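What follows is one structure encoded as structure tokens, with my remarks underneath.
The values are calculated or read from the model by the stated rules, or taken from the named source; none is laboratory data. Given the structure is predicted, the values throughout are model-derived calculations rather than measurements. Cβ placement follows ideal geometry from the backbone for every residue including glycine, while neighbour counts extend to all protein chains displayed. Areas reflect the complete protein model, heavy atoms only, side chains present, ligands, DNA and RNA absent. Shrake-Rupley method; radii C 1.70, N 1.55, O 1.52, S 1.80 Å.
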Amino acid sequence: MLEFILFMLFSIVEGFGILYLMLKIYRYDAASFYPALLVVTLMSLQSFFLREELSLESIVPVINIFVFVIFLSVVIKIPFFAALIITGLGYFIFASIQGAIVNTIPFFSLAEIKVHPYIGYLLQVITAGVNLSIAWGLNRMRIGFMESISEKMRFPHEQRVVGGFIIVILLGFGFILHQRSELLNIIYYFLAALFFFVYSYLKEVKPHGGNYFEKTSNKH
């Protein structure tokens with residue numbers, strides 16, 4: 001019972017860190033507390049069930065991404081395509097940060113976490129703290145992508161083409177996690193985050209060559 005309570009508690013903290021980061025990268029206001037708490041709690045429950053009961057931990061992050069997309073689309077009313085991009089960038093930045101910690105600090109290695117579960121909980125808290133700090137900094141300096149990514153299509157069938165790439169990225173994500181290669185994981189996280197960042201940046205580029213990812217007083 002204690003294991004379940006600790007898992008849920010720290011997973012919820014981690015989930016809030018991811019959600020706040022992805023919203024602030026695109027300068028959306030933070031989600032209402034109770035709807036956010038509900039979705040993060042449900043994510044943590046399915047994560048515990050899939051990991052502990054069915055040993056399907058490799059698909060948990062992929063499912064979490066889709067839950068975040070649905071939450072942004074249904075609750076915050078962000079267009080579905082934009083929700084995919086926002087979730088993709090925020091989640092893979094989180095994964096890159098956590099992967100970097102695991103791969104560079106021996107204390108947080110997966111081997112240590114398996115032996116000492118409390119190290120995993122500490123890792124979740126630290127990652128959430130980093131996510132929240134980045135989000136707070138972006139909000140404080142008023143930095144972030146400003147335009148709706150569902151608008152200003154740059155070429156025919158753009159949403160279908162980019163959506164296809166996103167599906168491939170998510171399928172690859174599940175495959176990479178199944179391989180259990182720490183180095184391969186961090187490389188994949190970084191490249192996926194880079195894809196979403198570059199796409200968002202290009203969508204923000206002004207006709208005269210500037211971009212909206214800059215300090216500004218405008219808000220959504």
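In the chain, the DSSP-assigned H stretches of four residues or longer account for a calculated mean residue ellipticity at 222 nm of -24000 deg cm²/dmol, using -39500 (n - 2.57) per stretch and the full residue count as denominator. For Ile105, the solvent-accessible surface computed with a 1.4 Å probe is close to 70 Å², ligands and nucleic acids excluded.
Neighbours of Pro35, meaning other residues whose beta-carbon lies under 15 angstrom from its beta-carbon, give a summed charge of 0 when Lys and Arg score +1 and Asp and Glu score -1. Ligands, DNA and RNA are left out, and with a 1.4 angstrom probe the accessible area of the range 1-71 is 48 Å² per residue.
Once the Cα atoms are used to define both axes, helix 60-74 deviates from the longest principal axis of the chain by about 40 degrees. The largest accessible area among Ser32, Ser200, Ser96 belongs to the first residue in Ser32, Ser96, Ser200, and the rest follow in falling order (1.4 Å probe, all chains).
Whole number please: convex hull volume per residue, Cα atoms of the chain, in Å³.
That works out to 125 Å³ per residue.
Work out how much length Tyr201 to Leu122 would gain on full extension: take 0.36 nm times their residue separation and subtract the Cα-Cα distance, in nm to one decimal. Provide the component values of the computation, followed by the final result.
Details: separation 79, 0.36 × 79 = 28.44 nm, distance 3.33 nm.
Net length gain for the segment: 25.1 nm.
In this structure, Glu57 and Leu191 have a Cβ-Cβ separation that, at R0 = 25 Å, corresponds to a calculated FRET efficiency of about 0.70. Against the chain, whose longest principal axis is taken from its Cα atoms, helix 33-48 shows a tilt of about 50°.
Working value for the range 72-197: equivalent-ellipsoid semi-axes of 30, 19, 12 Å, each the square root of 5 times a Cα gyration tensor eigenvalue, largest first.
What is the helix-to-structure angle for 182-204, meaning the angle in degrees between its Cα long axis and the longest Cα principal axis of the chain, kept from 0 to 90 and rounded to the nearest 10? Taking the Cα atoms of the chain, the angle to 182-204 is about 20 degrees.
Per the 1.4 Å probe, what fraction of the accessible area of the range 1-136, in percent, lies on carbon and sulfur atoms? Looking at the range 1-136 in its full context, I get 74 percent from C and S. In this label model, Phe33 and Asn103 are separated by 3.8 nm, measuring between points 7 Å along each Cα→Cβ vector. Computed over the Cα atoms of the range 1-122, pair by distinct pair, the Kirkwood hydrodynamic radius stands at 15.1 angstrom.
For Glu3, the solvent-accessible surface with a 1.4 Å probe is about 110 Å², rounded to the nearest 10. When Thr127, Thr104, Thr41 are compared by accessible surface with a 1.4 Å probe, the order from highest to lowest is Thr104, Thr41, Thr127.
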